[in-house]
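Following: one structure in structure tokens, then a few remarks.
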């Protein structure tokens, strides 16, 4: 909070609250830096995976395991879709010159809240078809040799681990969304009091 700009405002309303412009600007900068850092990490992680999925797909293709190779390519395509979606859904919004800092922060919060709430759709879902195809191809290959019971029981733990990872990603995004919703409410109440 800062010194009131005009003394008669505080005499008319002694409970008036004024936001500190530098504090809001610092808050907006910290939030933008955190989002930019998160997006950089996500991009580098995705870009590091692509050569691995491509090399493994090539290996299995030359080994005659075409279904496994195709499934790995599908996972790679899902990773590329996540990269595209990261830019579409979770990129930082550019500030508008005519927009006060607090309005930009509210708009940025709302944009990121929407991204967090829909992460299951744009972040997790693109790789699910490839992962499911990979498990199906592996299970079918094992079933040819050892039977379906052995193939399914052998895949149960890895499938559970992958499902757990997907569930954890979704849950963490929902937790972050709830915290961001609280931040939005606090910012709105600050604006109402001002």
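The values are calculated or read from the model by the stated rules, or taken from the named source; none is laboratory data. Treat the numbers as computed from the prediction; the structure is a model and nothing was measured. Neighbour counts are summed over all protein chains in view; Cβ atoms, including those assigned to glycine, are modelled from backbone coordinates with ideal geometry.
Some notes on this structure:
- Residue match in the stretch 101-122 (condition: surrounded by fewer than 17 Cβ atoms within 10 Å (Cβ to Cβ), in contact (Cβ under 8 Å) with a residue 60 or more places away in the chain and in a helix (DSSP H, G or I)): yes
- Against the numbered list (1) more than 30 Å from residue 178 (Cα to Cα); (2) surrounded by 18 or more Cβ atoms within 10 Å (Cβ to Cβ); (3) in contact (Cβ under 8 Å) with a residue 40 or more places away in the chain, residue 77 comes up short only at (2).
- Of all the numbered requirements in (1) under 30 Å from residue 173 (Cα atoms); (2) loosely packed, with under 12 Cβ neighbours inside 10 Å; (3) modelled with pLDDT of 90 or more, residue 22 misses one, and that requirement is (3).
Residues checked against (1) at pLDDT below 95; (2) part of a helix (DSSP H, G or I); (3) under 30 Å from residue 67 (Cα atoms):
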position	(1), (2), (3)
81	no, yes, yes
124	no, yes, yes
130	no, yes, yes
144	yes, yes, yes
157	no, yes, yes
165	no, yes, yes
176	no, yes, no
189	yes, yes, no
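- Residue in the stretch 50-66 that is modelled with pLDDT under 95 and buried (at least 17 other Cβ atoms within 10 Å of the Cβ) present: yes
- Residue within the stretch 27-34 that is touching a helix residue (DSSP H, G or I) at 6+ places or on another chain (Cβ under 8 Å), without any contact (Cβ under 8 Å) to a residue 24 or more places away in the chain and surrounded by 14 or more Cβ atoms within 10 Å (Cβ to Cβ) present: no
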